[in-house]
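Remarks on the structure that follows.
The values are calculated or read from the model by the stated rules, or taken from the named source; none is laboratory data. Worth saying up front: this structure is predicted, and the values here are computed from it rather than measured. Every residue, glycine among them, receives a Cβ derived from its backbone with ideal geometry; neighbour counts consider all protein chains shown.
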Amino acid sequence: MITGVHTLVYADDADAARAFFRDVLGWPHVDAHGGWLVFRTGPSELGVHPADGGTLHHEISLLCDDIERTVAELTAKGARFAGDVEDRGFGRTIELVIPGAGHMLLYEPRHPTAFDL
């Protein structure tokens, strides 16, 4: 039986990305070995979207209850964002900059969520 989902983030600077998840987001973690941190990410859900033009890829998004409050709290801890909060129908979104690992979508969903089922 499946017991969980393990998400991978590939980073040009893994130490910077790990420090961000540990220090800025404050996620609990274990050290699997030699500084290789594995983070508890909390509740999760998985959606399947149609591929555009046959290009298959996967995305990680972070959910929040109040996007303005979350952006303010993370900014105070040193997080950076690309662009402004946008209403995209399914939710209000902004791109969170992950040091050494690009961007992740942060959003306040307006759709039913499945992580608390």
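Residue under question is GLY78, and the condition is that it be without any contact (Cβ under 8 Å) to a residue 12 or more places away in the chain, out of contact with any strand residue (DSSP E or B) (no Cβ under 6 Å at 6 or more places or on another chain), surrounded by fewer than 11 Cβ atoms within 10 Å (Cβ to Cβ) and not hydrophobic (A, V, I, L, M, F, W, C); does it hold? Spelling it out, it is not the case that GLY78 is without any contact (Cβ under 8 Å) to a residue 12 or more places away in the chain, out of contact with any strand residue (DSSP E or B) (no Cβ under 6 Å at 6 or more places or on another chain), surrounded by fewer than 11 Cβ atoms within 10 Å (Cβ to Cβ) and not hydrophobic (A, V, I, L, M, F, W, C). If you take the residues in the stretch 60-80 that are in contact with a Leu (Cβ under 7 Å, 6 or more places away or on another chain) and part of a loop (DSSP other than H, G, I, E, B), which one is farthest from ALA114 (Cα to Cα)? Out of the qualifying residues, it is ALA79.
Taking the condition touching a Gly at 6+ places or on another chain (Cβ under 8 Å) and either in a loop (DSSP other than H, G, I, E, B) or at pLDDT below 95 (or both), does HIS111 pass? Against the criterion (touching a Gly at 6+ places or on another chain (Cβ under 8 Å) and either in a loop (DSSP other than H, G, I, E, B) or at pLDDT below 95 (or both)), HIS111 qualifies.
Regarding ALA51, is this residue exposed (fewer than 11 other Cβ atoms within 10 Å of the Cβ) and small (Gly, Ala, Ser)?
yes
Checking each residue in the stretch 8-25 for being in a loop (DSSP other than H, G, I, E, B) and either surrounded by 10 or more Cβ atoms within 10 Å (Cβ to Cβ) or in contact (Cβ under 8 Å) with a residue 60 or more places away in the chain (or both) picks out VAL9, TYR10, ALA11, ASP12, ASP13, LEU25. Screening the candidates GLY54, GLY89, GLY83, GLY35 for the property of being out of contact with any Asp or Glu (no Cβ under 8 Å at 6 or more places or on another chain), more than 24 Å from ASP116 (Cα to Cα) and free of Cβ contacts under 8 Å to residues at least 40 places away in the same chain yields one hit, GLY54.
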